[in-house]
Amino acid sequence: MPFHVMLIPTLGCPSNCNYCWSSEENSPVMRIETIKAVVEWIRNFRDDSVTFTFHGGEPLLAGAEFYRQALPLLSEGLKDRKIAFAIQTNLWKMTPEIAKIFAEYKIPIGSSLDGPEELNDFQRGKGYYKKTMRGYEIAKAHGLNVRFITTFTSHSINHKEEIFNFNLEQGRTLKLHACLPSLRGDEPEKWALDPVKYGELLVYLLDKYLENRGRIEVMNIDHLCKNVFTGRGTVCTFVDCMGDTFAVGPDGAIYPCYRFVGMPEYVMGNVYESPSLETLAKSWAWKLMHAYKAFVDQECKSCAHINYCRGGCPYNAITANEGKIKGLDPHCVAYKRIYDEITERFNKELFGGAGMGIPGFAGKGERAEQAQKNPKSGIMSLMLKRI
Ligand code: SF4
Ligand code: SF4
């Protein structure tokens with residue numbers, strides 16, 4: 001059973017995106033001793049393979065020296081198992097020195113751009129786009145694989161076509177994220193994407209994806225289709241993440257996920273104490289996360305999508321319900337909308353025009369003509385794509 005540990009070297013960030021909820025001014029930077037403690041903790045904790053994602057705040061603020069020491073400490077210290085690395089960064093602080101270190105460990109990079117420069121900078125702050133592109137060029141020059149996440153907000157949803165075309169023209173894979181209510185600032189809902197609109201956006205992107213088959217990848221749609229086809233979730237939102245995902249904050253505190261880092265009530269333990277699974281399981285946060293699992297079993301039991309949705313993200317559910325387990329992830333509406341759409345189209349293709357969307361079957365005669373006339377067809381090819 002692989003598991004995931006998010007390492008948060010700092011909650012500080014040089015950017016100041018309008019809707020950000022995960023950065024904190026004057027946050028300390030993780031010491032290298034904390035990485036040594038992480039290695040010790042994991043050695044005693046579990047012997048499964050592990051993926052480490054450096055996240056923030058802005059993880060590059062930790063600097064080249066931190067990664068030069070941390071990466072070999074983690075990979076050498078845990079060489080008895082398979083380990084992988086990833087990083088989520090705005091790339092502003094990328095330097096040739098850091099890029100070289102990351103290239104050595106073939107670290108895939110996730111970054112963020114919300115669309116063309118003007119739109120992006122309206123949401124993320126003036127100058128953001130250029131600073132990210134500067135870092136992107138350095139990363140690219142060192143052979144690093146960079147993918148961008150697009151955050152859709154209450155504002156940018158009105159520019160969805162422009163954003164889709166921007167990614168299409170740039171030849172970029174589109175991966176999206178729905179803006180959540182912020183825990184900072186006076187207007188937490190201002191930028192948040194309404195769940196109904198989020199559902200409509202996903203259906204829109206499914207159509208655009210099918211219309212532009214072979215010219216772009218929309219990662220979320222691929223995952224959603226795969227979930228329906230295999231009957232189980234393939235990203236954290238759609239599996240029971242509790243117990244298989246952890247985050248370690250700058251001071252070594254262990255949380256259920258990076259989204260909780262910096263909130264003392266969600267601390268489950270500290271790597272310096274090398275807690276066992278049993279010890280973590282005694283914490284309030286662990287119990288809360290597992291209470292969500294039980295809540296979903298009950299609340300979603302009559303939903304056709306429960307096996308590959310699992311109630312969505314517990315963090316979303318917890319923050320939307322004043323820290324309590326008394327409601328589902330508010331994006332349930334969106335999940336239902338897109339899962340219903342995929343299932344319906346799948347059934348139509350399967351029983352209405354067998355094989356229409358299967359690669360190799362759609363290329364000839366009447367079926368190919370049908371597929372061309374009906375750009376909404378082809379859901380099966382998306383479902384099979386990542387199998
Ligand atoms: S709490 Fe949400 S974001 Fe965090 S691991 Fe779970 S599903 Fe993913
Ligand atoms: S779509 Fe909604 S009701 Fe269905 S499993 Fe997901 S969260 Fe539960």
Which listed residue (Asn321, Leu277, His305) has the Cα farthest towards the positive end of the charge dipole for segment 183-336, taking +1 on Lys and Arg C-beta and -1 on Asp and Glu C-beta about the Cα centre?
His305
Could you check the simple spin-label distance between Glu76 and Arg213, using points 7 Å along Cα→Cβ, in nm with one decimal?
5.1
Percent antiparallel among DSSP beta bridges with both residues in the chain, to the nearest 5?
15
For the table Lys82/Lys126; Lys293/Lys336; Lys36/Lys131; Lys190/Lys282, the rows whose alpha-carbon distance is greater than 30 Å are Lys82/Lys126; Lys36/Lys131; Lys190/Lys282
Whole-Å distance, taken between Cα centres, linking segment 122-165 and segment 257-297
33
Qualifying GluC sites (Glu not before Pro) in segment 184-225, DSSP loop, other Cβ atoms within 10 Å at most 12
Glu189
State, to one decimal in nm, how far the label point of Asn26 lies from the label point of Lys282, with both points 7 Å from Cα in the Cβ direction.
3.4
Please report, in cubic angstrom per residue, the volume enclosed by the convex hull of the alpha-carbon atoms of the chain.
142
Quick calc, the chain, dipole around Cα centre from Cβ unit charges on Lys, Arg (+) and Asp, Glu (-), nearest 20 debye, gives 880
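Bear in mind these aren't lab numbers, they're just calculated from the coordinates by the rules spelled out. Remember, predicted model here, so these are calculated numbers, not experimental data. Cβ atoms come from the backbone with ideal geometry, glycine included; neighbour counts cover every protein chain shown.
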